[in-house]
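One structure below.
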Amino acid sequence: MTDVTESSPRARTRTRLPAAERRASILAAATEVFSETGYQRGKVSDIAKRVGVSEPVVFQNFGSKAALYRATLDHAVESVSALLHQAADTGRPVPEVLTSFLDPAHMDRFHRPGAHGFLFADATALAHDPDLGQALRQVHQHLADMLAGLLDRGRSAGDIRQDVDPHTAAWWLVSLLAGRSFRAAVVPDRDTVEAELTDLALRALLSRGNEGNEGNGGNGGNGGNEEP
């Protein structure tokens, strides 16, 4: 993550990372900073400090703070997508994967500062920003496409209802996630409501043979971790 320097009697020599590694290290540091503070409070100087480079090096690699934020969000969606699909690749049914991911306790961890969900919530709040809005809407489209792909896998396996359109259902789930901050602010007995909303969403997606099995995932397996 940081440049390696060695002391010598004459000078300190900085070891240059290959371009791809440098870009990856900046992206990793930006993910940490933006998921802890959000876009508006996140500082490029803090990102540069974590990598061990100057601010101009960050801008040379990503062009602007906004471009770096968009890249961070794309990276976060790809990470979540990989984890969900990897869980399904191990043989876990899609309803079980979704149950674990959408479990309210997991969602609380997923949306806390420092986690990917915090980034997505931050992006939702910035959707109407003139400089970021269009790009952030594309990020949410990417998130919906990822969930649609997972739902389509479940439908092909007979676990998700055949009459459910994967893309429409995916946007329903994205909307469910995006509304968490609103519900946290206004809904009494939020924990109960979140559990019931999650159960309602899952039962509406399941094929008849899987109704009543959506609670089996719980917090077990990969889905119960901070990342899905």
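The values are calculated or read from the model by the stated rules, or taken from the named source; none is laboratory data. In this text, all values refer to a predicted model and were calculated from it rather than measured experimentally. Every residue, glycine among them, receives a Cβ derived from its backbone with ideal geometry; neighbour counts consider all protein chains shown. Remember, those area values only see protein heavy atoms, side chains included, never the ligands or the DNA or RNA. Shrake-Rupley method; radii C 1.70, N 1.55, O 1.52, S 1.80 Å.
Restricting the first member to the stretch 56-72 and to residues that are in contact (Cβ under 8 Å) with a residue 24 or more places away in the chain, and the second to residues that are among the small types (Gly, Ala, Ser), the beta-carbon pairs closer than 7 Å and six or more apart or on different chains are Val57/Ala48; Val58/Ala48; Phe62/Ala71; Leu68/Ala30; Arg70/Ala135; Thr72/Ala30. The residue of the stretch 195-211 that is nearest to His106 (Cα to Cα), among those that are at pLDDT below 90 and open to solvent by less than 60 Å² (accessible area, probe 1.4 Å), is Asn210. Could you pull out the residue among Gln162, Gln134, Gln138 that is over 16 Å from the mean Cα position of the chain (by Cα), within 14 Å of Asp74 (Cα to Cα) and surrounded by fewer than 18 Cβ atoms within 10 Å (Cβ to Cβ)? Answer to the check: Gln134. Evaluation of Thr192 against the conditions (1) open to solvent by 80 Å² or more (accessible area, probe 1.4 Å); (2) farther than 23 Å from Ser79 by Cβ; (3) among the hydroxyl-bearing types (Ser, Thr, Tyr) shows that the sole unmet condition is (1). Here is the figure for the stretch 26-40: residues that are open to solvent by 60 Å² or more (accessible area, probe 1.4 Å) and either modelled with pLDDT of 95 or more or among the acidic types (Asp, Glu) (or both) total 2. Note on the stretch 109-131: residues that are open to solvent by 60 Å² or more (accessible area, probe 1.4 Å) and small (Gly, Ala, Ser) total 1. If the condition is being in contact (Cβ under 8 Å) with a residue 24 or more places away in the chain and either surrounded by fewer than 19 Cβ atoms within 10 Å (Cβ to Cβ) or within 18 Å of Thr99 (Cβ to Cβ) (or both), then the stretch 141-159 contributes His142, Asp145, Met146, Leu147, Gly149, Leu150, Leu151, Arg153, Gly154, Ala157, Gly158, Asp159. The conditions of being closer than 30 Å to Asp131 by Cβ and buried (at least 22 other Cβ atoms within 10 Å of the Cβ) are met by Leu68.
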